[in-house]
Amino acid sequence: MKALRSFTVRPLLPEALAPLHDLAMNLRWSWDERTRDLFRWVDPDAWEVTVHDPVGLLGVVDRHRLEVLAADPGFRAYLGELHEALQRYIERPRWFQDRAGDSPLRSVAYFSPEFGIAEALPQYSGGLGVLAGDHLKAASDLGLPLVGVGLFYRHGYFRQSLNADGWQQERYPDQDPFAMALTHLDGKRVEVNLAGEVLTAQLWRADVGRIRLYLMDADVEENPPLLRQVTDRLYGGDTEHRLRQEVLLGVGGVRALQAVGETTQVFHTNEGHAGFLGFERIRQLVSGRGLEFAEAVEAVRAGTVFTTHTPVPAGIDRFPRELMVRYFSDWADECGITVDELMALGHAPGDEPDTPFNMAVMGLRLAARSNAVSRLHGRTSRRMFSGLWPDVPEDETPIGSVTNGVHAHTWISPEMHDLLSRYVLPEWHEAPPERWERIADARDDEIWRVREQGRERLVSFVRERLRDAHLARGQSASDVAWCAEALDPKALTICFARRFATYKRATLLLSQPERLRRLLLSSDRPVQLVFAGKAHPADDLGKEMIKAIVAFSHDPEIRHRFVFVDDYDIAVARTMYQGADVWLNTPRRPQEASGTSGEKAALNGALNCSILDGWWDEMFDGENGWAISSAEAVTDLERRDELEAESLFAILEEQIVPLYYERVQGPVPRRWVHRIKASLSSLGPRVTAARMVRDYVEGLYEPAAAHVDALVADDFARARGLAGWKARLIEAWKGVHVDAIETDASVADLGHTRQVDAVVALGDLDGGDVEVQLIHGPVGQNDELTAGGVVPMEPVDQPDEHHLRYRGSFTCEQAGRYGFTVRVVPSHPDLVTSVELGRVVWA
């Protein structure tokens, strides 16, 4: 039986407790420990039952209890203090306001398919969503003028359980947005065309500190059943279902911002899922402002930032031509282009017309600024996408990098927060490197006690979760009595928690089971391992890895030292980060784009033991953790895994275990603690999301803001001019060539200056359309230039009516083989980089 009408019944709070509503509806509580303490005070038992959800808590708390609290002057005083603190947090100037007078940036819209903000708002699957949540939180802390745009999934991502055989089971509970920290935006709707059917979406707003996050929801009565399911599950359904979700996210997201009155200057797409936002912005400029398609593309590109998170081509969304024609032929007609021109936006040079449409390629084409999420991932991405700029050297492929960071206050333990506040700064998450060095002044026993408290909390948590999981699978209370003795709060605790994908190799330690058993069962130096994570519902290989770990953990002899915690989420992750002594990471390099779990663990005093991949590749310094050897040159994956497992076991047996159990001066392992200090001082200022967002602002958002403002001014005059110039240059580029090089080829002394002349034909182009560059540097065995310097050459004369002579000079800066080359690249004041067109002529 279905209700004829439905409506929301709000908890009725006594007037004295009205501020509780404001505190519950702003997700700042998810990273403010004092606010969480306040809600725990309301009703400690209900706080646990509602899984630390303030809105859920207020919906179930007994009315009599509310009356008692309203009469409690201590509670009212604390409530008033925290309510005022929230208002100060929202209103007072912060980092961005201090620079706003000199910044061209007015607003950013951050699009992502998922946002992991709190376990009470389960709209995330893993790393991408948690990163997006941390991005919003850090933007709030810094006072950035940013809004988020995403989808509201009625079933979220799946909840995980295991059957008796250890096989992952998925269930999708209904999510009621009216019972969450979400505000329904009455009367605000967006419509999108899905292959001739109109989908209507309602809008919700989540307040994340100072940041507004808008979520679109297709589950409304106006939609037929199939369209109501577009926002049913995160990463669910077939290819067409995913396309529908991405059309709503991109096209609908742009319209949603307009519907709520948000004026957006810079658009940031977190992966390719939201890439269709570029299509909608182009369409609006063509149909509403009278721009030609190419002109609209330039205006859109200038204000778009694209972040790729994918280190392997298989991880990129691709859509077949037939689907693109069904869903976007009308868009192509409205923009005045053919379907082939539409498909070319998602194709690399040389792709056949029926090649699937690549969302990452489109993201790169429609964004003037693109970045990977670690330095190593930047190199990987430049190699993977270099074919889009075929004449450009791989290391100049225009994809930069901003290494991911984590929102420190979300993940850090209260004890570590207190320690860092005393020794680094009260605002330690924004402290410069020299302040982090002061952690060396902390007493060893203080740091060790923080570590013990986190480990004790993890042990208690795991014991309870193990017991509940076994009881849920039908075991008796007697059968699960052993769970009360699982793990040892004094033993070396190694944690592994992440998505169970094959390249992450969660089972690497199982490759030598007897060696692992000796570590686990040592009587004087025991090791214990805690695993957690989910496999994608369609990834049977990932599920097999979970099953193997669970099977190993069922051995009665080792089950107290080797455990798997099911239903991994933000709450589980936080407890593991705070309790781990060692954070283990074993991906096949370079398939980890960044990874952030090790960063969160490091802020809590855990030491990383990882393959040099993602963020760890640039931040490991030899003293702040351990690096597992990577046998990338070995093409046989089985043999490679053997070699890397051997390295891991050797590090555990010869370095990690002895160091942890070394107790030369009392109960504190002082050399271990000194390594913790080295980790905190070297990683603390580098792994925070505050650093990450500042990097985005200074390196990407502000340049994009200045660029787009320049191009759209005066009725898009410079966007129109740039589009026309590009068309003219591409047409004439075939007439550009270097016909002669003149220089002295004799042996040179170190420090000698050498002059080079180049005779260049420009065809129908002018000298102002190009830059002739002299590139010089040491020469490798195959005559390749390494670490080349670039010198612009100047025109000095015109040998004939078809050529210009350019001259430049360089200094021989290194002994040995040295060389140079000359190239011609496009030059225009509105290009972000001279190689963005992929047109380069080499001598």
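Summary table
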| item | result |
| --- | --- |
| Of residues in the stretch 194-204 being in contact (Cβ under 8 Å) with a residue 24 or more places away in the chain and crowded, with 19+ Cβ neighbours inside 10 Å, the one nearest to residue 93 (Cα to Cα) | 204 |
| Sole exception among (1) under 30 Å from residue 101 (Cα atoms); (2) part of a helix (DSSP H, G or I) for residue 686, by number | (2) |
| One residue from 654, 644 being open to solvent by 20 Å² or more (accessible area, probe 1.4 Å) and outside any loop (DSSP other than H, G, I, E, B) | 654 |
| Matching residues, the stretch 811-829, being hydrophobic (A, V, I, L, M, F, W, C), within 17 Å of residue 743 (Cα to Cα) and modelled with pLDDT of 90 or more | 820, 822 |
| Qualifying positions in the stretch 648-668 - closer than 20 Å to residue 601 by Cβ and touching a helix residue (DSSP H, G or I) at 6+ places or on another chain (Cβ under 6 Å) | 659, 660 |
| Whichever residue in the stretch 797-816 is of a type in the set (A, V, I, L, M, F, W, C) and either open to solvent by 70 Å² or more (accessible area, probe 1.4 Å) or part of a loop (DSSP other than H, G, I, E, B) (or both) and, among such residues, is nearest to residue 834 (Cα to Cα) | 812 |
| Residue in the stretch 790-802 that is out of contact with any strand residue (DSSP E or B) (no Cβ under 8 Å at 6 or more places or on another chain), farther than 18 Å from residue 389 by Cα and touching a residue at least 40 places away in the same chain (Cβ under 8 Å) present | no |
| Residue in the stretch 272-282 that is over 18 Å from residue 110 (Cβ atoms), of a type outside the set (Val, Ile, Thr), assigned to a helix (DSSP H, G or I) and in contact (Cβ under 8 Å) with a residue 40 or more places away in the chain present | yes |
| Of all residues making up the stretch 156-173, the number that are surrounded by 19 or more Cβ atoms within 10 Å (Cβ to Cβ) and not in a strand (DSSP E or B) | 4 |
| Some residue of the stretch 22-29 being at pLDDT 90 or above and part of a loop (DSSP other than H, G, I, E, B) | no |
| Qualifying position, being within 14 Å of residue 821 (Cβ to Cβ) and either part of a loop (DSSP other than H, G, I, E, B) or among the small types (Gly, Ala, Ser) (or both), among 748, 758 | 758 |
| Among (1) crowded, with 21+ Cβ neighbours inside 10 Å; (2) touching a helix residue (DSSP H, G or I) at 6+ places or on another chain (Cβ under 7 Å); (3) of a type outside the set (Lys, Arg), the one test that residue 631 misses | (1) |
| Boolean, residue 530 is in contact with a Cys (Cβ under 6 Å, 6 or more places away or on another chain), within 30 Å of residue 173 (Cα to Cα) and touching a residue at least 24 places away in the same chain (Cβ under 8 Å) | yes |
| Odd one out for residue 332 among (1) free of Cβ contacts under 8 Å to residues at least 24 places away in the same chain; (2) over 25 Å from residue 698 (Cα atoms); (3) open to solvent by 40 Å² or more (accessible area, probe 1.4 Å); (4) part of a helix (DSSP H, G or I) | (3) |
| Residue that is open to solvent by less than 50 Å² (accessible area, probe 1.4 Å) and in contact with a Gly (Cβ under 6 Å, 6 or more places away or on another chain), where the choices are 305, 361, 297 | 361 |
| Residue check for residue 622: at pLDDT 95 or above, closer than 25 Å to residue 644 by Cα and crowded, with 24+ Cβ neighbours inside 10 Å | no |
| Residues satisfying the stated conditions in the stretch 231-271, i.e. in contact (Cβ under 8 Å) with a residue 12 or more places away in the chain, farther than 17 Å from residue 346 by Cα and among the small types (Gly, Ala, Ser) | 236, 252, 253, 256, 259 |
| Answer residue from the stretch 46-62, given it is without any contact (Cβ under 8 Å) to a residue 24 or more places away in the chain and assigned to a helix (DSSP H, G or I) and is nearest to residue 14 (Cα to Cα) among those | 60 |
| Residue tally, condition assigned to a helix (DSSP H, G or I), modelled with pLDDT under 95 and closer than 20 Å to residue 599 by Cβ, over the stretch 388-427 | 0 |
| Residue within the stretch 279-297 that is in contact with a strand residue (DSSP E or B) (Cβ under 6 Å, 6 or more places away or on another chain) and among the β-branched types (Val, Ile, Thr) present | no |
| Close pairs from the stretch 540-559: first under 19 Å from residue 158 (Cβ atoms), partner open to solvent by 50 Å² or more (accessible area, probe 1.4 Å) and part of a helix (DSSP H, G or I), Cβ under 7 Å, at least 6 apart | 541/502; 542/502 |
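Quick grid of which residues meet (1) over 23 Å from residue 456 (Cα atoms); (2) open to solvent by 50 Å² or more (accessible area, probe 1.4 Å); (3) touching a Leu at 6+ places or on another chain (Cβ under 7 Å); (4) free of Cβ contacts under 8 Å to residues at least 12 places away in the same chain:
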position	(1), (2), (3), (4)
472	yes, yes, no, no
480	no, no, yes, no
484	no, yes, no, no
491	no, no, no, no
499	yes, yes, no, no
502	yes, yes, yes, no
506	yes, no, no, no
509	yes, no, yes, no
514	yes, yes, no, yes
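The values are calculated or read from the model by the stated rules, or taken from the named source; none is laboratory data. Bear in mind the structure is a predicted one, so any value in this text is a computation, not a measurement. Glycine also receives a Cβ, built like all others from the backbone with ideal geometry; neighbour counts cover every protein chain displayed. The area values use the complete protein model at the heavy-atom level, side chains included, leaving out ligands, DNA and RNA. Shrake-Rupley method; radii C 1.70, N 1.55, O 1.52, S 1.80 Å.
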